[in-house]
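Scroll down for the structure; my scribbles are underneath it.
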Amino acid sequence: MRALISVYDKTGLQDFARGLADLGCELVASGGTADFLEHEVGLDVERVEELTGVAEMLSGRVKTLHPRIHAAILARRDNADDVADLNDQEIRPFDIVCVNLYPFSEVAGRYGVREEEAVEMIDVGGPSMLRGAAKNFAHVAPVCRPEQYESVLAELREDGELSLATRRDLAAEAFATTAAYETAIARWFGDVEAFPKTLVTAFDKVLDLRYGENPHQRGAYYAEQGARVHLLSRVEQLHGKELSLINLLDLSAARLLLREFALPACVIIKHANPCGVAVAGTIEEAYERALASDPVSAFGMVCAVNRPVSAALGEALGERFVDVLFAPDYEAQALESLQRKEAIRILHDRERRGFARGERDFKRVLGGVLVQDRDWDVDDRETMQVACGEPDEASWGDLVFAWRVCKHVGSNAIVLAKDLATIGIGGGQTSRVDSVRIALDKAREHGHDLEGAVLASDAFFPFADGPQAALDAGVTGIIQPGGAKRDDEVAEAIRAAGATMVLTGRRHFRH
């Protein structure tokens, strides 16, 4: 056997190279890799420049870009002409090509990095060798990640060679690695445009999921390469079953809504929609009031809080059917109460970084994707217009709270709120009036007093019928974007009821 080794990341290389040498494999290495293997590991290696007869050039930029390297990688052992060419040039082929690439994404993603520093991390020789070895997987094994070293060595020790199936799998990983690498570079160059002509992106698998949307569907979670923060970054599962696709959809909805609030807040999600949200002086009160919004829908909930779970809150949650619980920390007694239930998935969030504001939102459609900016911002109170009435400070608080929740409910979205807690939510309907009715019915069903409540609508009311139903039930404040032809008619109905209406001037559909 003969192996070519040229790696930037030396993790695990000592044991891998020594294992190859113990199996009688001849080692050829370039530059710093050769220095490491000779001086740090104590192995005999043939240097690339000895093989090619050409010293490294351009400060190391050119060392493996040579016919004696690439012919040894690309030669087909079952092709007589290829074998004859090797013999004529006295070139011996490689059986293993172990290459990992310059850390472009790591360097380019650093704060304040200069363009020339990022460009210097664009690997040329490494991807060429990996792609050549992957193309010739019938005869060569491309090894591109330290995580592969152990299994490659184990198979070589067991069988004396790598099977065709193994080489094919390694080739697939090599092509995925080089594709993701080129994608990161293309994205970096293309970041000057919000929506470049060719959109390229790459994702790394974080974990296999218990199942997809249904048990007969497989599922996995991938994080976008280069993302500073992703859904499960620095999140540890402390207890419970494996996560499913639906768990992660709901968790994403919970995290996005939870970021709207700095005060102690609790968000309860079902089917990617909030069914209860509250902020309060303590996290225990926030949970109680969020749960009271719609305790029936909360069965099997995803619950997210932005304060540590105390012993009292842990005991209260332990009495409910909670599918996923997400919190920044847990008291020991709280964990003890929660872990009595085998199924609950307890997630510990250690992420303190903010979400990247430039992150794009992707929606899968038949044969493609729709791409848009994320709807991060919520209108400031100062930019809103009071169309009628005079909201006091308490009403303003409820109106802005309801508006923040509303943009996270599926359209047509209606949120009823009182004292900084939701009391009725209607969404995902084809008619905005139906959403109003559902929200009102939810509030009545769970015994909420609608007198003095506020209503938020994610888009304008085309007619006065929706607001009128809420006004008749006791709602005294409405917040909506405005912009309908009949805005004056809607405003007149609200004015006649002695209520208040605030126009935001911007809608927040969530399809």
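Considering only C-alpha atoms, what is the centroid distance from the range 1-39 to the range 138-167, in Å?
Cα centroid of the range 1-39 versus Cα centroid of the range 138-167: 15 Å apart.
Mind checking the angle between helix 283-293 and the chain's longest principal axis? C-alpha axes, 0 to 90 degrees, to the nearest 10.
70
Restricting to DSSP H runs of at least four residues, report the calculated mean residue ellipticity at 222 nm for the chain, -39500 (n - 2.57) per run over all residues, nearest 500 deg cm²/dmol.
-10500 deg cm²/dmol
Can you give the FRET efficiency to the nearest 0.05 for residue 233 and residue 92, using r as the Cβ-Cβ distance and R₀ = 56 Å?
So, using R0 = 56 Å, E works out to roughly 0.75.
Taking R0 as 45 Å, what's the FRET efficiency between residue 40 and residue 217 from their Cβ-Cβ distance, rounded to 0.05? Present the calculation step by step, with values, prior to reporting the outcome.
Values: r = 48 Å, r/R0 = 1.07.
After rounding, the FRET efficiency stands at 0.40.
Students often check this: by mean Cβ neighbours within 10 Å, which of 263-272, 200-209 ranks highest, and how do the rest follow?
Sorting 263-272, 200-209 by mean packing, highest first, produces 263-272, 200-209.
Sorting check: for 498-506, 161-169, which peptide has the highest mean count of neighbouring beta carbons within 10 Å, and how do the rest follow? Intermediate values should be presented prior to the final figure.
Details: 498-506: 19.9, 161-169: 14.8.
For the peptides 498-506, 161-169, the packing ranking is 498-506, 161-169.
Zone of residue 385 (label point 7 Å along Cα→Cβ, backbone N under 15 Å): which residues in the range 448-466?
Hits in the range 448-466 for residue 385 at 15 Å: 460-461.
Would you mind working out the magnitude of the charge dipole of the chain relative to its Cα centre, with +1 at each Lys and Arg C-beta and -1 at each Asp and Glu C-beta, to the nearest 20 Debye?
1040
Determine the gain in length on full extension of the stretch residue 341-residue 484; use 0.36 nm per residue of separation and subtract their C-alpha separation, reporting nm with one decimal.
Between residue 341 and residue 484, full extension yields 46.4 nm more.
Tell me, what is the percent relative contact order of the range 381-503, built from C-alpha pairs under 8 Å that lie six or more residues apart?
So the answer I get is 28 percent.
Between residue 11 and residue 76, what is the spin-label point distance in nm, taking each point 7 Å from the Cα along the Cα→C-beta axis?
3.7
What percent does the relative contact order of the range 2-190 come to when contacts are Cα pairs within less than 8 Å and at least six residues apart?
Normalised by residue count, the contact order of the range 2-190 is 21 percent.
What whole number of Å gives the distance from the Cα centroid of the range 395-456 to the Cα centroid of the range 346-380?
Taking the Cα centre of the range 395-456 as reference, the centre of the range 346-380 is 24 Å away.
For a footprinting-style exposure proxy, rank 451, 390, 285 by other Cβ within 10 Å, fewest first.
390, 451, 285
In what sequence, highest mean first, do 41-54, 299-312 appear when ranked by Cβ atoms within 10 angstrom?
Working: 41-54: 15.5, 299-312: 20.8.
Per-residue mean Cβ counts within 10 Å order the peptides as 299-312, 41-54.
Relative contact order for the range 286-407: what is it in percent, counting Cα pairs under 8 Å that are at least 6 residues apart?
Relative contact order comes out at 16 percent.
Within the set 270/341; 241/418; 270/442; 205/363, which residue pairs have Cα atoms separated by over 26 Å? Please report the intermediate quantities before stating the final value.
Details: 270/341 20 Å; 241/418 36 Å; 270/442 15 Å; 205/363 19 Å.
Over 26 Å Cα-Cα: 241/418.
With a point put 7 Å past each Cα toward its Cβ, work out how far residue 333 is from residue 55 in nm, to one decimal.
In this crude label model, residue 333 to residue 55 measures out at 7.4 nm.
If you take every residue apart from residue 213 with its C-beta less than 13 Å away from the C-beta of residue 213, what net charge results, scoring Lys and Arg +1 and Asp and Glu -1?
+2
Taking R0 as 25 Å, what's the FRET efficiency between residue 315 and residue 263 from their Cβ-Cβ distance, rounded to 0.05?
That pair, residue 315 with residue 263, gives E of 0.65.
If Lys and Arg each add +1 and Asp and Glu each add -1, what is the summed charge of the other residues whose beta carbon sits under 11 Å from the beta carbon of residue 361?
Summing Lys and Arg as +1 and Asp and Glu as -1 gives +1.
Rounding to the nearest 10 and keeping the result within 0 to 90°, find how far the Cα-based axis of helix 125-135 lies from the longest principal axis of the chain.
90
Could you work out how far the C-alpha centroid of the range 270-298 sits from that of the range 92-126, in angstrom?
The range 270-298 and the range 92-126 have Cα centres spaced 48 Å from each other.
Multiply the residue gap between residue 113 and residue 242 by 0.36 nm, knock off their C-alpha separation, and tell me the result in nm, one decimal place.
That works out to 42.5 nm of additional length.
For the range 2-190, give the magnitude of the charge dipole about the Cα centre (Cβ charges: +1 Lys/Arg, -1 Asp/Glu; no others), in debye to the nearest 20. Can you show the working numbers first?
On the way: 19 positive and 34 negative charges, 105 e Å.
In total the dipole reaches around 500 debye.
Read the figures in this text as sums done on the coordinates, not as results from a lab. If you're wondering where the values come from, they're calculated on a predicted model, not measured in any experiment. With ideal geometry, Cβ positions are generated from the backbone for all residues, glycine too; neighbour counts draw on all protein chains shown.
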